[in-house]
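The values are calculated or read from the model by the stated rules, or taken from the named source; none is laboratory data. Nothing here was measured: the structure is a model prediction, and the numbers come from that model. Note that each Cβ is placed from the backbone with ideal geometry, even for glycine, and that neighbours are counted across all protein chains shown.
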Amino acid sequence: MFRTLLINPGSTSSEVSIFEDDHEVKSARMIHPVTELRKYPKILDQFSYRIAAIRDQLRQWNIQKGDLAAVVGRSFINRRESGTYMVNQKMVDDVKVILSRVEHAAGLGCMLAREIADEQGIPAFVAHCAAQSLDPMAKVSGIPAIERRAVYHVLNIEGIVRLAARDMNKKIDSLNLIIAHLEGGMSIAAVAGGKLMDVSNAFEEGPFTTERSGALPVVSLVELCFSGQHTREQILKMIRGEGGMVAYLGTNKIGEIEKRVQEGDEEAGFYLEAMCYQISKEIAAMASVLKGKVNAVVLTGKILESAHAVNWIDERCGFIAPVKRYPEQEALAFAQAALKVLRSEEKARIYE
């Protein structure tokens, strides 16, 4: 039996799990309030804060040296080959360069995993699933200098395809799905026969989220950028980190927003429903990509913590296909990736 620690840093939380082989035995989700994250100008500055939270959780679980076989972190690498990669210094250095251009806490995954692994004297891996490329037509943006890119929650969406196929007793190659990964980052994908047909770019398209602006009226955005009132860094913060529900309601916690709605907070209800309105529009757009032939609309992610949100999306999208709810599949994918290496079923890839 192999015991592995999984570390999945998200934009406003850090999730850790202990797996024994492919069975999850412990899990915890540490929420990082926006007020706390504002203390750190850059994502890299959050490292000490997040590693301290992880160490504290391991102490609560009484994890000692020798208890773990490996640590697996969330991948932020750019490689065409999927697989389990050993974390090395080149990976860390390359991810730091990527983080200088794209600020996202996922980049801390390999660094957090390596830190804990070094303390335990065990290997650190990242579970990397290469993104599928978009069809040439889906890449067209409207401006030749800008090409649409497939930036989405690959591990979870790939896992949901397999789970839905088993659940619906269908072969993957006969299944058309719209999968909506809905939390701090949102990616809404049209998948036909296991192939990605189109997806909303989680960094710059789609609906607004608990902390991102989503797609914006472009002329108004350009005018805001050149107004002289905001720096480039401030604009990017408005788009990622301090947009969406953070800007409207001052919180990025979907559970807290749901509680406010249940207690009769009309403002919270209005903006939560507005977010679901935008999510539903994007789902309906993906139905057109699949020419209306959709076996199921799948909701996954932290949105499942809000009964109101799920019901509002169901009301608007139920005419497309049955709306199903599945928990995230990333943790299991992390564990299975490590197991293949630990069991010598495959070799860990060397990041070069």
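Summary of computed values
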{"read-out": "Which numbered condition residue 314 misses (of (1) of a type in the set (Asp, Glu); (2) farther than 22 Å from residue 156 by Cα; (3) assigned by TED's automatic domain parsing to the domain that holds residue 277)", "value": "(2)"}
{"read-out": "Residues of segment 69-87 satisfying the condition of being surrounded by fewer than 22 Cβ atoms within 10 Å (Cβ to Cβ), touching a residue at least 60 places away in the same chain (Cβ under 8 Å) and not charged (D, E, K, R)", "value": "69, 77, 83, 86"}
{"read-out": "Lone unmet requirement of (1) farther than 30 Å from residue 174 by Cα; (2) surrounded by fewer than 16 Cβ atoms within 10 Å (Cβ to Cβ) for residue 212", "value": "(2)"}
{"read-out": "Tally of residues being surrounded by fewer than 20 Cβ atoms within 10 Å (Cβ to Cβ), in a helix (DSSP H, G or I) and touching a residue at least 24 places away in the same chain (Cβ under 8 Å) across segment 315-331", "value": "1"}
{"read-out": "Pair list, Cβ < 7 Å and 6+ apart or interchain, from segment 289-310 residues that are closer than 16 Å to residue 188 by Cα and in a strand (DSSP E or B) to residues that are among the aromatic types (Phe, Trp, Tyr) and at pLDDT 95 or above", "value": "298/326; 300/326"}
{"read-out": "Conditions (1) surrounded by fewer than 19 Cβ atoms within 10 Å (Cβ to Cβ); (2) in contact (Cβ under 8 Å) with a residue 60 or more places away in the chain; (3) not acidic (Asp, Glu): number failed by residue 121", "value": "(2)"}
{"read-out": "Condition met for residue 290 (at pLDDT 95 or above and either within 13 Å of residue 179 (Cα to Cα) or not assigned by TED's automatic domain parsing to the domain that holds residue 208 (or both))", "value": "yes"}
{"read-out": "Leading residue by the ranking (farthest from residue 232 (Cα to Cα)) among those in segment 262-280 that are assigned to a helix (DSSP H, G or I) and among the acidic types (Asp, Glu)", "value": "266"}
{"read-out": "In segment 33-62, residue surrounded by the fewest Cβ atoms within 10 Å (Cβ to Cβ) [restricted to those that are at pLDDT 95 or above and part of a loop (DSSP other than H, G, I, E, B)]", "value": "62"}
{"read-out": "Odd one out for residue 233 among (1) acidic (Asp, Glu); (2) over 30 Å from residue 305 (Cα atoms); (3) surrounded by 15 or more Cβ atoms within 10 Å (Cβ to Cβ)", "value": "(3)"}
{"read-out": "Any pair with Cβ under 6 angstrom, 6 or more apart, that starts in segment 29-44 at a residue that is within 14 Å of residue 242 (Cα to Cα) and in the same structural domain as residue 15 (by TED's automatic domain parsing) and ends at one that is modelled with pLDDT of 90 or more and β-branched (Val, Ile, Thr)", "value": "34/246"}
{"read-out": "Any pair with Cβ under 8 angstrom, 6 or more apart, that starts in segment 210-235 at a residue that is under 27 Å from residue 13 (Cβ atoms) and in contact (Cβ under 8 Å) with a residue 60 or more places away in the chain and ends at one that is acidic (Asp, Glu) and not in a helix (DSSP H, G or I)", "value": "210/183; 211/242; 214/205"}
{"read-out": "Subset tally (residues that are in a loop (DSSP other than H, G, I, E, B) and hydrophobic (A, V, I, L, M, F, W, C)) for segment 69-94", "value": "4"}
{"read-out": "The listed residue being of a type in the set (Val, Ile, Thr), in contact with a strand residue (DSSP E or B) (Cβ under 6 Å, 6 or more places away or on another chain), buried (at least 21 other Cβ atoms within 10 Å of the Cβ) and modelled with pLDDT of 95 or more, out of 279, 283", "value": "283"}
